[in-house]
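Engineer: One structure follows; several queries about it will come next.
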Amino acid sequence: MTHKMVMKTEALVTPQLLSWARKRRGMTTSEIAAKMNVPSDVVVAWEAGDKRPTFAQAQVFAKKLHIPFGYLYLHESPIERMPLVDFRTTRGGISEPSPDLLDLLTDVLGKQQWLRDYRRFEGYVHPPFAGRFGITDSEDVIAEDMRDILDAEDARKYAHSMDDFLEYLVQNTEESGIAVMRSGVVRGNNHRPLDRAEFRGFSIHDNIVPLVFINTCDFKWAQIFTLVHEIAHIWIGKGGVSNPDYELQYSLQEKPVELLCNRVAVEMLVPRGDLLSYWKTKDVLEENLDGLRKRYKVSDMIILRQALNNNLIDISEYRMRYAQLVKLTRSVESDTDDVNNSGGDFDSALITRNGKMFTEAVINSTVHEDVLWSEAADMLDVKVKEISGIMTYLYGS
């Protein structure tokens, strides 16, 4: 009896692309070798071109490093650019976007384009507020228009807490025609958390489906400010990636668009005239904050920022309070050990991540058989068997 030797097909990948993919993720040869369960000298040989991985190994390599498998066959490493305008400001200047941020942007832009086609087919029209104002317009006028369109005062009235207020604002924002997605990971992958130090949110200005994304790895109290900041980008027709500077360390470096959106966000959440009428100059700061945080349903930092804008406190007091709040928040986070928890069950968390507007559009298309169940699962980053549960959550049995 003879035995045939089964030859494993070698993948004709480009060695330097293997090296590029590994370095892109900031990993050593030993680290990727451990993930693939092969000796590190094997990975070194692959990258040197002395050996080739099998087709199956190359597929695993690409999956572990979160890149399209086809990239490994390119002759040169792809040039990856930020697909949106970069409004971020950091102490050392603008940093290069991480692979996680780039992959997230690619995913969300793809979803936004699909949703755009869906809503255009359904007959949705241009949201009248998108791009209604410009960079030279007053933050008071822009904030008042946003407050009116988003029913911010009603949201505040019915909210029992800051978390409630955030959820009401998100709901009203989507009802106005802006898609809202919130997540702390890339495509539902908990092994790919987003870095709040890299970005806090981004906005996509569009004449059919404007969209805002909030990084939920950020402090919960900061997410309200970021949400309204990104909505302000839609109102002035200037979408992009943001990293609002809550500590006010880089104000002189910040771009005019970011400065305007910061001021609009503060004015929308804590109206100047209203604050001045309720601020009691004879009271100590803590007494003022106790009453105002209950009134506005926002964190002390947003109230203090408006107070700073109106010379009710100085910058040193603001920064001291900011440092205290960050320290307290981190202490609470370490106790709960769950900064990415969106609250609720699987279906609720999924809708938070993809946004109700996008989720409903995908499910409706699936029900009407315009989209296959497998396609819907891929679009929502879930398993096929979970689609029926999402349907039931949205519409009942």
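The values are calculated or read from the model by the stated rules, or taken from the named source; none is laboratory data. In this text, all values refer to a predicted model and were calculated from it rather than measured experimentally. Positions of Cβ are backbone-derived with ideal geometry, glycine not excepted, and every protein chain shown enters the neighbour counts. All accessible areas refer to the heavy atoms of the entire protein, side chains included, with ligands and DNA or RNA removed. Shrake-Rupley method; radii C 1.70, N 1.55, O 1.52, S 1.80 Å.
Engineer: Residues with beta-carbon under 14 Å from that of V270, excluding V270: net charge, scoring Lys, Arg +1 and Asp, Glu -1?
Structural biologist: That sum, taken over residues with Cβ under 14 Å, equals +2.
Engineer: To continue, here is another question. Return the distance in nm (one decimal) between the two label points of a simple spin-label model at E375 and I315, each offset 7 Å from Cα along Cα→Cβ.
Structural biologist: Label-label distance for E375 and I315, simple model: 5.4 nm.
Engineer: Oh, and also: At a 1.4 Å probe, what is the % contribution of carbon and sulfur to the accessible area of the chain?
Structural biologist: Its accessible area is 51 percent carbon and sulfur atoms.
Engineer: With a 1.4 Å probe and every protein chain left in place, tell me how much accessible area E10 has, in Å² to the nearest 10.
Structural biologist: E10 exposes around 110 Å² with every protein chain in place.
Engineer: Leaving ligands and nucleic acids out of the surface, order L308, L65 by accessible area at 1.4 Å, largest first.
Structural biologist: L308, L65
Engineer: What fraction, in whole percent, of alpha-carbon pairs in the chain exceed 38 Å separation?
Structural biologist: 29
Engineer: While we're on this one: If exposed trypsin sites (Lys or Arg not before Pro) are those in a DSSP loop with at most 12 other Cβ within 10 Å, what is the longest stretch of the chain that has none?
Structural biologist: In the chain, the maximal stretch lacking such sites is 92-279.
Engineer: Right, something else. As I understand it, the value is the acute angle between the Cα axis of helix 285-296 and the longest principal axis of the Cα atoms of the chain; what does it come to in degrees, rounded to 10?
Structural biologist: Tilt relative to the chain: about 70 degrees.
Engineer: Please get the size of the charge dipole for region 78-212, origin at its Cα centre, with Cβ charges of +1 on Lys and Arg and -1 on Asp and Glu, quoted in debye to the nearest 20.
Structural biologist: So the dipole magnitude of region 78-212 works out to roughly 460 debye.
Engineer: Applying the Karplus parametrisation 6.51 cos²θ - 1.76 cosθ + 1.60 with θ = phi - 60° to the phi angles of region 49-64, what ³J(HN,Hα) value in whole Hz is obtained for each residue in order, glycine and proline being reported as x?
Structural biologist: x, 6, 9, 10, x, 6, 4, 5, 5, 5, 5, 5, 4, 5, 5, 5
Engineer: So what is the accessible area of the chain per residue, in Å², with the probe set to 1.4 Å?
Structural biologist: 50
Engineer: Evaluate the relative contact order of the chain (contact order divided by residue number), counting alpha-carbon pairs under 8 angstrom at least 6 apart; express in whole percent.
Structural biologist: In percent, rounded to a whole number, it is 15.
Engineer: What is the helix-to-structure angle for 99-121, meaning the angle in degrees between its Cα long axis and the longest Cα principal axis of the chain, kept from 0 to 90 and rounded to the nearest 10?
Structural biologist: The two axes meet at around 70 degrees.
Engineer: Give the accessible area for M320 in Å² (nearest 10); use a 1.4 Å probe, count only protein heavy atoms, and leave out ligands, DNA and RNA.
Structural biologist: 90
Engineer: Moving to a separate point now. Which number comes out as Rg/Rh for region 165-244 once both Rg and the Kirkwood Rh are worked out on C-alpha atoms?
Structural biologist: Details: Rg = 12.0 Å, Rh = 12.6 Å.
Here the Rg-to-Rh quotient is 0.95.
Engineer: Determine which lysines satisfy two conditions relative to K297: a Cα distance under 16 Å, and not lying fewer than 8 residues away in the same chain.
Structural biologist: Within the straight-line limit of under 16 Å, K297 reaches these lysines: K157, K220.
Engineer: Suppose every Lys and Arg Cβ carries +1 and every Asp and Glu Cβ carries -1, with no other charges. What dipole size does region 232-285 come out with about its Cα centre, to the nearest 20 debye?
Structural biologist: 160
Engineer: Could you let me know the centre-to-centre spacing of region 278-306 and region 197-244, using Cα atoms, in angstrom?
Structural biologist: 25
Engineer: Also, quick follow-up: Can you list residues from other chains, or at least 5 along the same chain, whose modelled amide H is less than 5 Å from the amide H of T54?
Structural biologist: Placed amide hydrogens put A11 under 5 Å from T54.
Engineer: With unit charges on the beta carbons (Lys and Arg positive, Asp and Glu negative) and the dipole taken about the Cα centre of region 217-308, which residue among G239, L260, V270 sits farthest to the positive side?
Structural biologist: Towards the positive end, the residue furthest out is V270.
Engineer: At 7 Å along the Cα-to-beta-carbon direction for both N364 and Q59, put a label point, then send me their distance in nm to one decimal.
Structural biologist: A separation of 3.7 nm, rounded to one decimal place.
Engineer: Collect residues whose amide H, placed 1.01 Å from N in the peptide plane, falls under 5 Å from the amide H of V185; neighbours closer than 5 in sequence don't count.
Structural biologist: L194
Engineer: Using only DSSP helix segments of four residues or longer, with each worth -39500 (n - 2.57), what per-residue ellipticity at 222 nm results for the chain after dividing by its residue count and rounding to 500?
Structural biologist: So the helix-based figure for the chain works out to -16500 deg cm²/dmol.
Engineer: Give me a comma-separated list of calculated 3J(HN,Hα) values for region 195-210, in order, Karplus coefficients 6.51, -1.76, 1.60 applied at θ = phi - 60°, integers in Hz, x for any Gly or Pro.
Structural biologist: 9, 5, 6, 7, 7, 10, x, 8, 9, 10, 7, 8, 7, 10, 10, x
Engineer: To continue, here is another question. Run the dipole for the chain about the Cα centre, Lys and Arg Cβ at +1, Asp and Glu Cβ at -1, nothing else charged, and hand back the magnitude in debye, nearest 20.
Structural biologist: 1100
Engineer: Set Lys and Arg Cβ to +1 and Asp and Glu Cβ to -1, take the dipole of the chain about its Cα centre, and tell me which of M27, H191, T392 lies farthest positive.
Structural biologist: Checking the options against the dipole of the chain, the answer is M27.
Engineer: Continuing with the same structure: Can you bin region 1-151 into rounded, prolate or oblate? Criterion: square roots of the alpha carbon gyration tensor eigenvalues sorted a ≥ b ≥ c, rounded for a/c under 1.5, prolate for a/b above b/c, oblate for the rest. Before the final figure, lay out each step's value.
Structural biologist: Numbers: a/c = 3.97, a/b = 2.27, b/c = 1.75.
Prolate, since a/c reaches 1.5 and a/b exceeds b/c.
Engineer: What distance in nm separates the simple spin-label points at Y158 and I79, each placed 7 Å from Cα in the Cβ direction?
Structural biologist: Modelled inter-label distance: 5.0 nm.
Engineer: Now for a separate question. Write down the radius of gyration of region 210-319 and its Dmax, each obtained from C-alpha positions, in Å.
Structural biologist: According to the Cα coordinates of region 210-319, Rg and Dmax are 14.1, 45 Å.
Engineer: May I ask for the angle, rounded to the nearest 10°, between helix 300-309 and the longest principal axis of the chain, with both axes built from Cα atoms and the value confined to 0 to 90°?
Structural biologist: Around 60 degrees separate the two axes.
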